[in-house]
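The block underneath contains the structure these notes are about, expressed in structure tokens.
Quick note: the coordinates plus some simple rules give every number you see, no bench work behind them. No experiment lies behind these values; they were computed from the predicted model shown. Note that we place each Cβ from the backbone using ideal geometry, even for glycine, and neighbour counts take in every protein chain shown.
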């Protein structure tokens, strides 16, 4: 296999020659375009056109509310993440962001009884927008993270 990377322009290109046929990868933003010039049926394929992935590490804001949906269990809780930065005058500031999390019991999800207020957890999931009507009749939108992997972790040590 022979790989060449052509960069420097607005669209980097990777040429790959394999035993079977040569092809090129054109990288454009989050798009990966495959060009297979010698393959008769395929001229361009688009892979990973869109990606909905969230990775968060933070502290649980409240004990999860666990309820059953059919045979499955779902836990809902909030997660606080923070970011430290320097303000205009040079002072150290910290910004906290709260996220709504829903986790379905199963593979790659820690036991719900181990999730408690103040626990430090790491999760990988996806964003989901939900539209609902509140009790006073107004239409509302909610963005939540649906956890695909949820595990305990140790907080980072600040020096």
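Across segment 104-126, the residues whose backbone nitrogen lies under 15 Å from the label position 7 Å along the beta-carbon direction of residue 94 are 118-120.
Applying 0.36 nm per residue to the separation of residue 111 and residue 50 and subtracting their alpha-carbon distance, the gain on full extension is 18.9 nm.
If I model segment 68-159 as equal point scatterers sitting on the Cα atoms and use the Debye formula, what is log10 I(q)/I(0) at q = 0.15, 0.20, 0.21, 0.24 Å⁻¹? Scattering profile of segment 68-159, log10 relative to I(0): -0.75, -1.06, -1.11, -1.27.
Full extension of the chain segment joining residue 85 with residue 153 gains 22.2 nm, where the gain is 0.36 nm per residue of separation less the Cα-Cα distance.
Highest mean packing comes first when the peptides 110-121, 130-141 are listed by Cβ atoms within 10 Å, giving 110-121, 130-141.
Expressed as a whole number of Å, what is the distance separating the alpha-carbon centroids of segment 49-84 and segment 89-130? Between the Cα centres of segment 89-130 and segment 49-84 lies a distance of 5 Å.
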